[in-house]
Amino acid sequence: MATKTFAAQTATSPLAPFAIERRELLPTDVAINIEFCGVCHSDLHQARNDWKGSSYPIVPGHEIVGRVSAVGTGVKKFKTGDLVAVGCMVDSCRTCASCTRGLEQYCEKSCTYTYNSPDKNTAGKMTYGGYSENVVVDEAFTLKLSEKVDAASSAPLVCAGITTYSPLRHWKVGPGMKVGIVGLGGLGHMGVKFAKAFGAHVVLFTTSASKTEDGKRLGAHEVVVSKDAAAMAKQTASFDFILDTVSADHDINAYLALLKLDGTLVLVGAPENPLPVAAFSLLASRRSFAGSGIGGIAETQEMLDFCAEKGITCDVEMIRIDQINEAYERLLKGDVKYRFVIDMASLKA
Ligand code: NAP
Ligand code: ZN
Ligand code: ZN
């Protein structure tokens, strides 16, 4: 049966209605009626081919929440009616060293992404994402969402949430550490919430002076407007850890200079152009410059359970699917508080 979606047909065309076919249920598949889908800046990067790997048509969307509508004959974890989520991955090789450690996002044979990725179950046809009525996903890559949580504001947890939770956990952010979060968008606002929840002293860096009050409300102990050179200078060589979520060109050396001896700056933002790093930004204080990609399935489930327990959700602005192109323009201007989420009922209308 045809499934309604919104797709980009080229790097320059706006997203528009497009019909696709989902695969027939395999024994371990669940079919999900999508209720909400978050709008990640990665959706925009890929719809517009910023990363040069886009294959059209693209149906973006990897912050999916919905209810199970049918299950394959061998499904054990889910039943019809369950509230579930699907993030950035829908499969991986499951046997390599990364997969067996629960790090499917670093699968040596490359995981299958939720969209714009060849699906080995359909002879390599590309996957289509969550700007859609429904999706079919293997149960091993389907996440459980508690009935206690607000579904719409939990949807972005499966990308914006896990992408900030995972590096903060990996680098053991906690009490006694001074932690910087760069950029207050979808990822950044969750980085602030998690760093605060883990007990660190949190400093938000933003280019938008108008986000100062929100930064504090979300949990930052200090907010620095990065265009203020004097305010930046005061933070020199004082951080244990900085998480950079910026989606566009910016001066990474300005943030490396804020790390103290042995401090680490982790990039999760994925701007289309390389960010030049000066040798002396690193070697002067034995600093580390690292990266991190989303999180594995087990850690994503751990993060969802942590959020349900602590009452952590995302700050969202609900939109209709026909507002998606306008939402992309606003993302480019940093004008989002702090994640757009599409009410998928609007796709049926
Ligand atoms: P977003 O909501 O658009 O937020 C990005 C924020 O970066 C903006 O709100 C703005 O914050 C700041 N910013 C934008 N342009 C800037 C510029 N030219 N200079 C300095 N700051 C700027 O985006 P997002 O969805 O959080 O995604 C952020 C990035 O992470 C994207 O590149 C996305 O593709 C990437 N990403 C990576 C992973 C991963 O696995 N590593 C996962 C998801 C997303 P202020 O107004 O506060 O300055
Ligand atoms: Zn994303
Ligand atoms: Zn693998």
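The values are calculated or read from the model by the stated rules, or taken from the named source; none is laboratory data. These figures come from a predicted structure and were not determined experimentally. Cβ coordinates were reconstructed from backbone atoms using ideal geometry, including for glycine residues, and neighbour counts include every protein chain displayed.
Annotations for the structure displayed:
- Given (1) more than 26 Å from Ser154 (Cα to Cα); (2) of a type in the set (A, V, I, L, M, F, W, C); (3) out of contact with any His (no Cβ under 8 Å at 6 or more places or on another chain), number of the condition Trp51 does not satisfy: (3)
- Qualifying residue in the range 158-167 (condition: within 16 Å of ligand 1 (Cβ to nearest atom), over 27 Å from Asn49 (Cβ atoms), outside the structural domain of Leu332 (by TED's automatic domain parsing) and modelled with pLDDT of 95 or more): yes
- Among the conditions (1) among the charged types (D, E, K, R); (2) within 16 Å of ligand 1 (Cβ to nearest atom); (3) surrounded by fewer than 16 Cβ atoms within 10 Å (Cβ to Cβ), the only one that Glu63 does not satisfy is (3).
- Flag for Leu187 being within 14 Å of the chain's Cα centre (by Cα), within 21 Å of Val336 (Cβ to Cβ) and of a type in the set (A, V, I, L, M): yes
- Residues of the range 248-255 include at least one that is surrounded by 20 or more Cβ atoms within 10 Å (Cβ to Cβ) and away from ligand 3 (no atom under 16 Å from the Cβ).
- Single match in Asn134, Asn121 (criterion: assigned by TED's automatic domain parsing to the domain that holds Thr28 and either within 16 Å of ligand 2 (Cβ to nearest atom) or surrounded by 18 or more Cβ atoms within 10 Å (Cβ to Cβ) (or both)): Asn134
- Residues of the range 84-104 that are surrounded by 20 or more Cβ atoms within 10 Å (Cβ to Cβ), more than 10 Å from ligand 3 (Cβ to nearest atom) and not β-branched (Val, Ile, Thr): Ala85, Gly87, Cys88, Met89.
- Annotation: of all residues in the range 168-188 being in a helix (DSSP H, G or I) and more than 8 Å from ligand 1 (Cβ to nearest atom), the one that is surrounded by the fewest Cβ atoms within 10 Å (Cβ to Cβ) is His170.
- Selection count, the range 93-108, where residues are among the polar types (S, T, N, Q) and within 15 Å of ligand 1 (Cβ to nearest atom): 2
- Residue satisfying all of: in the range 306-341; among the aromatic types (Phe, Trp, Tyr) and either part of a loop (DSSP other than H, G, I, E, B) or within 16 Å of ligand 1 (Cβ to nearest atom) (or both); surrounded by the most Cβ atoms within 10 Å (Cβ to Cβ) among these: Phe340
- Any hit, the range 20-32, residues being of a type in the set (Asp, Glu) and within 16 Å of ligand 2 (Cβ to nearest atom): no
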